[in-house]
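Taking it in order: structure first as structure tokens, then the write-up.
No value in this document is a laboratory result; all are computed from the given coordinates. Everything numeric in this text was worked out from a predicted model, so none of it was measured. Glycine also receives a Cβ, built like all others from the backbone with ideal geometry; neighbour counts cover every protein chain displayed.
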Amino acid sequence: MNFDLTEEQNEIAELAARILDDHIDIEVLRKTEETQDWFDRELWEKFVSSGLIGATIKEDVGGAGLDILALVCLLRAQGQHVAPIPLLPTLVSAMTVDKFGTDDKRESLLPEIVNGSKLLTFASQEFLNDHFMEPVTSYENGLITGTKIVVEYANHADSVLVTAIDGDEPVVCIVDLKDPNITMRATDSTRGEPLWELSFEKTAADKIGGRESVYWLFQILLVSLCAVQLGVTETALKMTASYTSEREQFGRPLATFQAVTQRLADQFINVGGIRLTTFSAAWRLSVDIDALEDILIAKWWASERATEIAHATQHCHGGMGVSKDYPLYRYTLWNKHITTSLGAGTQTLRSLGSFLASN
């Protein structure tokens with residue numbers, strides 16, 4: 001069996017890494033974080049001009065037609081550099097429209113996503129509702145009513161995908177964010193990113209798909225979060241290995257102390273587990289095999305084990321780990337944000353248990 005990435009997937013990963021390596025440094029991140037946008041537009045334009053935004057969108061609407069594994073490669077690279085751009089919400093939303101939208105909707109919207117003239121995001125989470133497939137937000141006669149929370153880049157996006165309930169069937173709809181029947185309220189995430197609460201009051205919406213589209217959106221969102229977390233934890237561990245090899249205590253490098261070595265060895269295994277489960281789940285989803293069990297296992301690793309990685313890398317850095325002049329603290333904050341997104345470890349285990357029991 002061959003577990004290697006294809007030539008196209010490797011090229012996508014290498015191109016994204018090269019752009020991010022050339023652009024991202026502490027000063028760029030600090031400058032972007034100081035704004036209210038949390039959006040590095042210069043970097044986004046580089047992703048657009050290089051064709052990366054259209055990499056996973058079908059060729060008939062201007063994309064490259066690559067699969068979910070290419071998406072994982074892109075998001076992993078973003079996580080490795082903690083780059084503040086709307087990559088996950090835009091690509092996941094665009095891929096959902098590409099897969100389930102009508103030809104008219106695809107042809108009118110997706111070319112503008114590929115060329116960077118429009119942005120997409122999604123609104124799927126609701127207050128005190130952990131059941132993704134059972135939204136409270138209602139869709140009736142072309143109108144949506146309800147409230148969604150933890151929406152990324154709603155202030156920049158042109159349209160938003162919204163999960164709702166149509167009778168007794170969950171559906172995915174698309175809503176124009178310029179509609180006056182939407183109320184937006186700003187909040188902040190653990191990593192300092194502006195998030196938005198969106199309230200819809202009989203807001204016009206176009207239905208994209210039914211239960212199958214909601215189920216697919218849930219799976220690809222979880223895989224995408226795992227991919228970003230993989231990049232975050234890989235770089236945090238690499239940074240810690242380098243630091244403990246150079247930082248001396250009692251006349252020798254920290255890495256020569258057995259306790260430090262053993263603790264980081266455990267995190268090496270944890271990062272490997274996140275990598276294995278993420279790519280395994282993404283592959284199953286990419287070839288249309290029911291992947292939810294594998295995806296929930298991957299999300300547990302990207303939550304529970306990622307938390308262990310955050311603790312260990314912080315502790316091995318000592319006080320340096322929380323300094324804003326040193327990059328590690330950003331990775332810890334991203335780690336925490338992703339850990340709790342769409343269910344932390346315990347909630348993910350409950351979801352996995354329910355899935356296994358129902359099958």
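So what's Rg/Rh here for the stretch 7-114, counting alpha carbon atoms and using the Kirkwood radius for Rh? Computed over Cα atoms, the ratio is 0.99. Placing dummy labels 7 Å off each Cα toward the beta-carbon, the span from Glu59 to Asn181 is 4.1 nm.
For the chain, a crude dipole built from +1 on the beta carbon of Lys and Arg and -1 on the beta carbon of Asp and Glu, taken about the Cα centre, is about 1140 debye to the nearest 20. Site pair Glu34 and Lys238 shows an inter-label distance of 2.8 nm when each label is modelled 7 Å from Cα along Cα→Cβ.
Pairs of lysine residues in the chain that meet both criteria, 8 or more places apart or on different chains and Cα atoms under 19 Å apart, total 21. By the Kirkwood approach, averaging reciprocal distances over each pair of separate Cα atoms, the chain gets a hydrodynamic radius of 20.9 Å. With the charge dipole of the chain set up from +1 on Lys and Arg Cβ and -1 on Asp and Glu Cβ about the Cα centre, the Cα lying farthest toward the positive end among the listed residues Thr235, Trp38, Leu276 is that of Thr235. Span-like helix criteria (full DSSP H runs; alpha carbon extent of at least 27 Å along the helix axis; mean Kyte-Doolittle hydropathy of at least 0.0) are satisfied in the chain by 211-246, 258-286. Between Gln262 and Thr340, the FRET efficiency estimated from the beta carbon spacing at R0 = 30 angstrom works out to 0.60. Where both bridge residues fall in the chain, DSSP classifies roughly 85% of the beta bridges as antiparallel. Averaging the Cα positions of each part gives two centres, and for the stretch 272-302 and the stretch 208-249 these lie 12 Å apart. Between Asp25 and Glu140, the FRET efficiency from the beta-carbon distance, with R0 = 35 Å, is close to 0.10. Taking the Cα centre of the stretch 7-114 as origin and assigning +1 to Lys and Arg Cβ atoms and -1 to Asp and Glu Cβ atoms, the resulting dipole is close to 280 debye.
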